[in-house]
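Chemist: Please see the structure below; I have some questions.
Nothing in this text is a laboratory measurement; each read-out follows from the coordinates by a stated rule. Every value quoted in this text rests on a predicted model; they were computed, and no experiment measured them. Note that we place each Cβ from the backbone using ideal geometry, even for glycine, and neighbour counts take in every protein chain shown.
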Amino acid sequence: MTVKEGMGEEPERYRVEFASGTAASVAKRRSFRDLERNDIERDLPGWPAQPPFKVRGFFGKLGVHVLSATTGLLMLPLYILAEALGSPASPEKRGELEERENEIDDFPVMWAGEGETARTLPWQLDPSRRSWRTVTEIELAEQDGLVRIWSYEDTGRGSRHLSWGGGEKVPGSEAVLWSMPRSEITSAEIKRFSMAESDFTVSFRDGSWARLTSSPHGARRIVALLGQGVPEGCHPA
């Protein structure tokens, strides 16, 4: 949804969730860390339990590469067909590595000390913890100066791994999960080491931060509205 806020119009909302690793060592995985890089998932109140984060070893990474190569070969005829029909399509590209310690050796999507703001983000942003029908969106409202995260249930058919699309909101399922004054967000920044630059970080006034993802357009718009550039000291060494 990209409706501009104004007289009688709704604020802008975009789908958003915690990002997932794209490097073979952390593909489709994410961690939650304190300032000493300790795991904090068990300390987050009300969060459904998940197996602990683990970086893949050699054979695990090999399996990811084999799967990616196989998928690429299977998709190749579709890319060729799309090109022939005048609708060019190509695999999504990943940009330059920026932080090896946070993008290959680990993949934190929450970095926060005890009681810091990033820990208040809702667990529904984690696609591995919620129903595949649950959609989470960020709302950027100018009139009241708040940033909100909403959720709703979608009627679309499919599965966690393959969505058939065409869904609508289940009546009565929409709810506000989280809200924060815009003034508590100090910056937002696109992360180049993500597919089509769809990942971005949001940094809070207390120094905590989260790595989220949206569509490429959504990520650019969110960052533009929240402000670019990450203050010194907001990322781990």
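Chemist: Let's test the formula: R0 of 30 Å, r as the Cβ-Cβ distance of Leu44 and Ala175. What FRET efficiency results, to the nearest 0.05? Intermediate values should be presented prior to the final figure.
Modeler: Working: r = 19 Å, r/R0 = 0.64.
So the FRET efficiency works out to roughly 0.95.
Chemist: What distance in nm separates the simple spin-label points at Arg94 and Glu10, each placed 7 Å from Cα in the Cβ direction?
Modeler: Taking the two extended label points, one gets 3.4 nm.
Chemist: Something else about it: Please sort 44-50, 218-224, 127-133 by packing, taking for each peptide the average over its residues of neighbouring beta carbons within 10 angstrom, highest first.
Modeler: Details: 44-50: 11.1, 218-224: 19.0, 127-133: 15.6.
Those peptides, ordered most packed to least, come out 218-224, 127-133, 44-50.
Chemist: Now for a different question. Please work out whether the range 163-223 counts as rounded, prolate or oblate from its C-alpha gyration tensor, where a ≥ b ≥ c are the square roots of the eigenvalues and a/c under 1.5 means rounded, while otherwise a/b larger than b/c means prolate and anything else oblate?
Modeler: Oblate is the answer for the range 163-223, as a/c is 1.5 or above yet b/c matches or exceeds a/b.
Chemist: What length, rounded to one decimal in nm, is gained on full extension from Arg221 through to Arg182, with 0.36 nm per residue of separation minus their alpha-carbon distance?
Modeler: Details: separation 39, 0.36 × 39 = 14.04 nm, distance 1.53 nm.
Going from the current span to full extension adds 12.5 nm.
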